[in-house]
Ligand code: WT7
């Protein structure tokens, strides 16, 4: 597509950061033609723009219409076109990239597997055939509970191939979370394996599934992938993948000619209510958007090796380990393990070993590695790297500088990519693939072509330049979510009702006079713990389900490494009294209900929570008291003394704890 020639490339990679460092005034000169012109066309001539862009992927039969907006906000892209993302990610590369490496996998111990596009094709077909043997058909939902092993992308692609719908659940999620997700989607099959190794420790996965499927009537089978040892199987239900595929030689399973609007996957994410939302993405729009944005942002060339450190259990891995890079015929690297085990240079090992050229990670990971010091980076040759990316939360200046200096050799651009599970792919970022390397301190960048972003004030009017407001997307784009699984009202209410007919992402932002966006963080009751999204209500609901808890308020407080951690104020039922033991019990209870990624900075027992007259808990006040920040306007409080009560309980409790610790 729009490739830069080499001289242009080195000029901008070299000069943009210098330009950035010296903080020179922004200059129109740095708008590169492909980006600027494409952005204009994408909005002003959108019909012909999308027709042209859609040629980047292969269609079984062409679409007659680009966008069906007859039933807003249920927009449908390329509605009568036939396309299958698996075909675009695998089959179509057999002609020119048959022996090119598609997937590199490595674990903590340094064991690896390298699959060419032909290998991937073989494995995907083998897996698809096994799925067919189990009776999986188009439209069936299948839950995948796997760590970052090759069978994770393989099973996703195999399901897409036959038109079934995958729901990948992060392998750090607990039994309860898995159970809820199976039941919400009525999954017919669960795919899992025995275990994963994390920080050298074995994490059991099959056991979590055994517990979950005792409460999920829809599940007919559990497909178990054997790793290195025998696994206990439940005869009536469990099927060993290796047994199913042992004797069969499968050459090809026909690709289902899915409609552009056929469901591809559901991915659950947290919102402001207790129940996670099943975000739905479709073959055509999502496929095209991940294909294009990978190209626009990460600028992948034939010899690139792309390393995205995310887990495929989250959207970042779906879009930029699996679907985006593979549809582009790129080489994608996946690593099963943590960055600081056995040593804090595990990732730099991988970059050096495989010659990684484009590297994508999160601010929380940068902060973790930063704490170990630069020495761990120094002993590695990172000279192959040419482009860096960041995602998940706003990157703080200290982490940015460390990343830029130590990983980027003070020269590489960092694309600070803003997007969401719901947006399918990157929305705001620098776009090196379109010649746009522009960086400004703290800014995410400019919207990608087709992204009609703006900042609105509370009344839905465009905010002034540099005035804080809500980021909005004013027209549909191909990667947008198609709905919330089984809950159309929630789709409309969450995303399209704050401002009429405009997509509301739920983040604060400002826009400057040059059109650069700065995302400032969540505007709703959603926490970002190490970049992972979790609703405060979701945690509160778990707390309340414990017999000792009468009510609770959960808030987020800043944390130097994780960005944010949860803190709870808990009112106990009569008959229960505060103790360190109960505190531990409740924290364990939350972890076992939600997963260990929900990290707590504190849990306080209080006698009363501040509420409005209508009985709503005022989290803002709780937050003020706990973090020592001003509590703000309290005129709507039902009972002013609740603030002092809260303060007193927290002080007393802290005293008690230190007392207990001394004893
Ligand atoms: C929320 C979406 C999309 C990939 C991972 C997270 C925050 C994400 C950035 C960024 C500032 C960011 C927003 C957004 N966020 N990237 N570059 N700068 N904030 O996906 O779990 O759906 O979370 O993450 O608050 O709404 P997610």
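The values are calculated or read from the model by the stated rules, or taken from the named source; none is laboratory data. What you are looking at is a predicted structure, and each value in this text was computed from that prediction instead of being measured. In this analysis, Cβ positions are derived from the backbone assuming ideal geometry, glycine residues included, and neighbour counts consider all displayed protein chains.
The rows are residues; the columns are (1) surrounded by fewer than 22 Cβ atoms within 10 Å (Cβ to Cβ); (2) over 27 Å from residue 489 (Cβ atoms); (3) at pLDDT below 95.
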position	(1), (2), (3)
195	yes, yes, no
217	yes, no, no
226	yes, yes, no
251	yes, yes, yes
258	no, no, no
270	no, no, yes
288	no, yes, no
294	no, yes, no
297	no, yes, no
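Only one of 586, 527 is within 16 Å of the ligand (Cβ to nearest atom) and either touching a helix residue (DSSP H, G or I) at 6+ places or on another chain (Cβ under 7 Å) or in a helix (DSSP H, G or I) (or both). Can you tell me which?
The match here is 527.
One line per residue, one yes/no per condition, for (1) surrounded by fewer than 22 Cβ atoms within 10 Å (Cβ to Cβ); (2) assigned by TED's automatic domain parsing to the domain that holds residue 289; (3) out of contact with any strand residue (DSSP E or B) (no Cβ under 8 Å at 6 or more places or on another chain); (4) in contact (Cβ under 8 Å) with a residue 60 or more places away in the chain:
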position	(1), (2), (3), (4)
37	yes, yes, yes, no
40	yes, yes, yes, no
71	yes, no, yes, no
84	no, no, yes, yes
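Among (1) within 15 Å of the ligand (Cβ to nearest atom); (2) surrounded by fewer than 21 Cβ atoms within 10 Å (Cβ to Cβ); (3) not in a loop (DSSP other than H, G, I, E, B), there is one condition residue 498 misses while meeting the rest; what is its number?
(3)
Which of the residues belonging to region 404-450 are free of Cβ contacts under 8 Å to residues at least 40 places away in the same chain and part of a helix (DSSP H, G or I)?
Selection gives 405, 406.
Mind listing just one residue for me: the one in region 293-330 that is away from the ligand (no atom under 16 Å from the Cβ) and in a helix (DSSP H, G or I) and, of those, farthest from residue 529 (Cα to Cα)?
Of everything passing the filter in region 293-330, 327 is farthest from residue 529 (Cα to Cα).
For residues that are away from the ligand (no atom under 13 Å from the Cβ) and in a loop (DSSP other than H, G, I, E, B), scanning just region 501-515, find the one that is surrounded by the fewest Cβ atoms within 10 Å (Cβ to Cβ). Before the answer, list the steps.
Residues of region 501-515 away from the ligand (no atom under 13 Å from the Cβ): 501-502, 511-515.
Adding the requirement that they be in a loop (DSSP other than H, G, I, E, B) leaves 501-502, 512-515.
On the way: 501: 11, 502: 19, 512: 13, 513: 8, 514: 15, 515: 13.
Residue satisfying both the conditions and the ranking: 513.
Is there a residue in region 453-473 that is in the same structural domain as residue 572 (by TED's automatic domain parsing), within 16 Å of the ligand (Cβ to nearest atom) and in a loop (DSSP other than H, G, I, E, B)?
no
Restricting to region 370-401, what's the tally of residues that are within 24 Å of residue 522 (Cβ to Cβ), part of a helix (DSSP H, G or I) and touching a helix residue (DSSP H, G or I) at 6+ places or on another chain (Cβ under 9 Å)?
Qualifying residue count, region 370-401: 4.
Is it fair to say residue 355 is closer than 25 Å to residue 451 by Cα and touching a residue at least 40 places away in the same chain (Cβ under 8 Å)?
no
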